[in-house]
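As structure tokens, the structure follows; a few thoughts come after it.
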């Protein structure tokens with residue numbers, strides 16, 4: 001377990017690809033159950049440990065995940081996510097050479113629960129989705145991007161880039177042709193937010209693993 005930040009109100013970890021943050025049946029290990037066990041042991045907590053999940057990543061994605069250790073901290077951080085005051089920076093390797101090398105992407109996204117995917121839609125009820133990307137360097141025939149999320153929709157980066165012909169390396173679900181060891185080449189790189197109690201700006205970063 002790689003801990004980036006820990007105090008009485010918050011704990012942030014580096015999630016490896018291949019593990020779920022939460023949501024599995026009882027008895028199956030997730031990052032949430034691992035972190036609860038760590039806190040219970042370290043602080044000799046009796047009974048159930050409270051942890052609020054305030055940031056989530058898909059199973060094949062790695063990077064910064066933030067939990068709140070109190071309900072008050074969870075409410076205050078969630079409000080920052082809703083008001084878009086949290087800065088979320090990702091790194092990704094996409095198949096091919098992207099053009100233009102730097103741009104914004106704005107779409108409406110709709111979830112397809114039946115196939116557990118998302119897709120771009122013209123439906124006015126689709127959720128507005130915004131990101132900006134810029135090329136950092138080329139990796140062979142592929143491209144390493146820095147991506148700033150303006151919103152936080154399910155599979156947003158994956159579907160917005162794939163719909164433009166640039167799937168993330170290893171992301172077979174969204175059209176990738178090339179594999180990526182252990183998951184997909186998408187990493188939650190940096191997360192910045194205001195501490196829910198001290199109001200200090202907290203800046204976290206998980207080293208890019210590719």
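Derivation of every value follows stated rules applied to the coordinates shown; laboratory data play no part. The shown structure was predicted, so the numbers you read here are calculated from the model rather than taken from an experiment. For neighbour counting, all protein chains shown are included, and Cβ atoms are generated from backbone atoms with ideal geometry for every residue, glycine included.
Its Kirkwood hydrodynamic radius, worked out from the mean inverse distance over all distinct Cα pairs, puts the stretch 89-187 at 13.5 Å. Springs between Cα atoms under 10 Å define the GNM used for the chain, and in it the highest mean-square fluctuation of 50, 174, 166 occurs at 50. Distance between the pseudo-spin-label points of residue 4 and residue 198 (7 Å out from Cα toward the beta carbon): 1.7 nm. Each Cα pair under 8 Å and six or more residues apart adds its separation to the average, and for the stretch 131-210 the resulting relative contact order is 15 percent.
Got the relative contact order for the stretch 2-86 handy, in percent, Cα pairs under 8 Å and 6 or more residues apart? Intermediate values should be presented prior to the final figure.
Numbers: 120 pairs, mean separation 27.8, N = 85.
Relative contact order here is 33 percent.
Working from Cα pairs under 8 Å separated by at least six residues, relative contact order for the chain is 22 percent.
A Cα-only calculation for the stretch 73-114 places Rg and Dmax at 15.5, 42 Å. Helix 31-42 against the longest principal axis of the chain: what's the angle in degrees, Cα atoms only, rounded to the nearest 10? Taking Cα atoms only, the helix is inclined about 30 degrees. Taking label points 7 Å from Cα along the Cα-to-Cβ direction, residue 115 and residue 205 give a separation of 3.8 nm.
Taking Cα atoms only, the orientation of helix 71-82 departs from the longest principal axis of the chain by about 20 degrees.
Derived from the Cα gyration tensor, the three semi-axes of the equivalent ellipsoid of the stretch 1-140 are 32, 18, 17 Å, largest first.
The length gained on full extension between residue 181 and residue 38, counted as 0.36 nm times the residue separation minus their Cα-Cα distance, comes to 48.7 nm. In plain terms, the residue of 114, 56 with the fewest other Cβ atoms within 10 Å comes first and the most crowded comes last, giving 114, 56.
Cα centroids of the stretch 90-114 and the stretch 115-167: 2 Å apart. This ranking places 99, 5 by how few other beta-carbon atoms lie within 10 Å of each, fewest first, which gives 99, 5.
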